[in-house]
Amino acid sequence: MTKNFVEELKWRGMLAQIMPGTEELLQKEMVTAYLGTDPTADSLHIGHLCGIMMLRHLQRCGHKPIILVGGATGMIGDPSGKSQERNLLDTETLYHNQECIKAQVSKFLDFNAQGGNAAEMVNNYDWMKDFTFLDFAREVGKHITVNYMMAKDSVQQRLNGTARDGLSFTEFTYQLLQGYDFLHLYRTKGCKLQLGGNDQWGNMTTGTELIRRTLGNDAEAFALTCPLITKSDGKKFGKTESGNIWLDRKRTTPYRFYQFWLNVSDDDAERYIKIFTSLEKEVIDALIEEHRQDPGRRVLQKRLAEEVTVLVHSKEDLDMAIEASNILFGKATKDVLEKLDEETFLDVFDGVPHYELSKDQLGQSAIELFTQAVPVFPSKGDMRKMVQGGGVSLNKEKLTDQNRLILAEDLIDGKYLLVQKGKKNYYLLIVS
């Protein structure tokens, strides 16, 4: 083994709870470990990343990672930390979501590794779909008492919480279903360790208990959790005003993804660079020291944003995100604007004033269009003065003649005009 997995998690701030004997097992042999993920969407978001990074570190430490997609359990819903029951998904949707998730996870894990520790993806629907209720009651239900299940925090919180509907039997049995996953993987894959977020601790220990009670005291199984990641102000990590930050570029553009990491606080950057990158300790320590010398340069945020964007997307996407970020603050050209896809273009100019124009308004002079058709300038005199002083740009090119006609060929992507006044004031004209 090149590294001690538990030590790796500790210095990265990625270890919350660990069952006794887990570290000894990991040092003694190559361990197969699994982490479950919920396939209720066709993309993971950055809230899932800590768990995926645990699997990545596990594999890099010489152990075998399994990612379990909860096709069966995803049809039910897990009460842990939730205030209401989830929508149930059909099989076709679940399969589609599984394939999308595998493509994303493949960037983090090696599914073709040599040496017996290649990553695997499994779906619990495969072994649950033909499992009858009677079989489940006899093989699983008899081993775990209701008292044991009632004592779990996740169950107590729902029973004593504010949820009006209480806890359905379906959700109550969730911990047994998750426990059975562990038992099945223990039997079929020799999987002895389950990884997960700290809110899963109750479900995970049910799994270790089920293995022990079903197969006897010699059947050792273990659990290890990572903390739930929050922001330094205590708020939920990964949520923005516009919703989740997704790994799928169709849901969150690489530019917006890059910007999320670039804009985290200094305290969060110090924590996140350990959790969400594979950089070595010495490199991270040096970056933290450099950052503290001159926080204004945002060394940590830049490196964090670069590493995670390349890991989730690609080097090309990172370069495009950096170019797009420079548009508002740097000396970008019209070529750079035209290279951006429409979603990224709109993300970049999300916060600037937008004006609507119709196509038949084109063909006017710039001064007519930007003062009469849309109020970019308060008056013609104001615009003349700014043009003469070299302070107006159209699509990142200096406007030298206020009487120049604005034509359809000036449109970016066939529908946008970008007007800039001075260094920082942008106006986006949308032509339809």
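The values are calculated or read from the model by the stated rules, or taken from the named source; none is laboratory data. All values derive from a computational prediction rather than experimental measurement. Cβ placement follows ideal geometry from the backbone for every residue including glycine, while neighbour counts extend to all protein chains displayed. With ligands, DNA and RNA removed, areas are computed over all heavy atoms of the protein, side chains included. Shrake-Rupley method; radii C 1.70, N 1.55, O 1.52, S 1.80 Å.
For the stretch 394-413, enumerate the residues that are open to solvent by 30 Å² or more (accessible area, probe 1.4 Å), under 43 Å from the mean Cα position of the chain (by Cα) and hydrophobic (A, V, I, L, M, F, W, C).
Leu407, Ala408
Go through the stretch 1-34 residue by residue and tally those that are among the hydrophobic types (A, V, I, L, M, F, W, C), within 26 Å of the chain's Cα centre (by Cα) and farther than 15 Å from Arg60 by Cβ.
The qualifying residues number 3.
Looking only at residues that are part of a loop (DSSP other than H, G, I, E, B) and not β-branched (Val, Ile, Thr) in the stretch 263-277, which one is least open to solvent (accessible area, probe 1.4 Å)?
Phe276
I need the full set of residues from the stretch 345-367 which are open to solvent by 50 Å² or more (accessible area, probe 1.4 Å), part of a loop (DSSP other than H, G, I, E, B) and not charged (D, E, K, R), in order please.
Once the filter is applied, which keeps residues that are open to solvent by 50 Å² or more (accessible area, probe 1.4 Å), part of a loop (DSSP other than H, G, I, E, B) and not charged (D, E, K, R), the stretch 345-367 yields Gly351, Pro353, Gln364.
Would you please list the contacts, defined by Cβ atoms under 6 Å and residues six or more apart or on different chains, that run from a residue in the stretch 241-254 that is free of Cβ contacts under 8 Å to residues at least 60 places away in the same chain and of a type in the set (A, V, I, L, M, F, W, C) to a residue that is surrounded by 18 or more Cβ atoms within 10 Å (Cβ to Cβ) and in a loop (DSSP other than H, G, I, E, B)?
Short answer, once both residue conditions are applied: none.
Can you tell me which residues in the stretch 37-65 are in contact with a Pro (Cβ under 7 Å, 6 or more places away or on another chain) and within 26 Å of Val264 (Cβ to Cβ)?
Once the filter is applied, which keeps residues that are in contact with a Pro (Cβ under 7 Å, 6 or more places away or on another chain) and within 26 Å of Val264 (Cβ to Cβ), the stretch 37-65 yields Leu55, Leu58.
Identify, from the list Leu89, Leu94, the residue that is closer than 19 Å to Ala41 by Cα, open to solvent by less than 70 Å² (accessible area, probe 1.4 Å) and assigned to a loop (DSSP other than H, G, I, E, B).
Leu89
Consider Thr173 carefully, then state whether it is of a type in the set (Ser, Thr, Tyr), open to solvent by 30 Å² or more (accessible area, probe 1.4 Å) and either modelled with pLDDT of 85 or more or farther than 29 Å from Met53 by Cβ (or both).
Taking the combined requirement at face value, the residue does not satisfy it.
Among (1) open to solvent by 50 Å² or more (accessible area, probe 1.4 Å); (2) modelled with pLDDT of 90 or more, which single condition is Ala324 missing?
Ala324 satisfies all of (1) open to solvent by 50 Å² or more (accessible area, probe 1.4 Å); (2) modelled with pLDDT of 90 or more except (1).
Just one of (1) farther than 23 Å from Thr206 by Cβ; (2) open to solvent by 40 Å² or more (accessible area, probe 1.4 Å); (3) at pLDDT 90 or above trips up His57, so point out which.
Condition (2) is where His57 drops out.
Could you list, in sequence order, the residues of the stretch 368-393 that are open to solvent by less than 20 Å² (accessible area, probe 1.4 Å), within 16 Å of Lys423 (Cα to Cα) and either assigned to a helix (DSSP H, G or I) or touching an Asp or Glu at 6+ places or on another chain (Cβ under 7 Å) (or both)?
Met383, Val387
Please specify each residue of the stretch 192-217 satisfying the condition of being farther than 19 Å from Gln27 by Cα and among the charged types (D, E, K, R).
If we filter the stretch 192-217 for residues that are farther than 19 Å from Gln27 by Cα, which is where we start, we get 196-217.
Listed by number, the residues that qualify are Asp199, Glu209, Arg212, Arg213.
Considering Ile52, Ile67, which residue is in contact with a Leu (Cβ under 8 Å, 6 or more places away or on another chain), part of a helix (DSSP H, G or I) and either open to solvent by less than 10 Å² (accessible area, probe 1.4 Å) or touching a residue at least 24 places away in the same chain (Cβ under 8 Å) (or both)?
Ile52
Scan the stretch 386-408 and report the pairs whose first residue is more than 15 Å from Lys331 (Cα to Cα) and among the small types (Gly, Ala, Ser) and whose second residue is part of a helix (DSSP H, G or I) and open to solvent by 50 Å² or more (accessible area, probe 1.4 Å), with Cβ atoms within less than 9 Å and a gap of 6+ or a chain change.
Sorted first by the residue in the stretch 386-408, then by its partner, the pairs are Ala408/Lys359.
Given the conditions (1) in contact with a strand residue (DSSP E or B) (Cβ under 7 Å, 6 or more places away or on another chain); (2) modelled with pLDDT under 95; (3) open to solvent by less than 30 Å² (accessible area, probe 1.4 Å), report the number of the one that Phe222 does not fulfil.
Evaluating Phe222 over (1) in contact with a strand residue (DSSP E or B) (Cβ under 7 Å, 6 or more places away or on another chain); (2) modelled with pLDDT under 95; (3) open to solvent by less than 30 Å² (accessible area, probe 1.4 Å) leaves (2) as the failure.
I'd like the full set of residues that are open to solvent by 90 Å² or more (accessible area, probe 1.4 Å) and under 16 Å from Thr214 (Cβ atoms), limited to the stretch 126-152.
Scanning the stretch 126-152 gives Arg138, Lys142.
Does Lys331 qualify as being over 20 Å from the mean Cα position of the chain (by Cα) and surrounded by fewer than 18 Cβ atoms within 10 Å (Cβ to Cβ)?
Yes: the conditions hold for Lys331.
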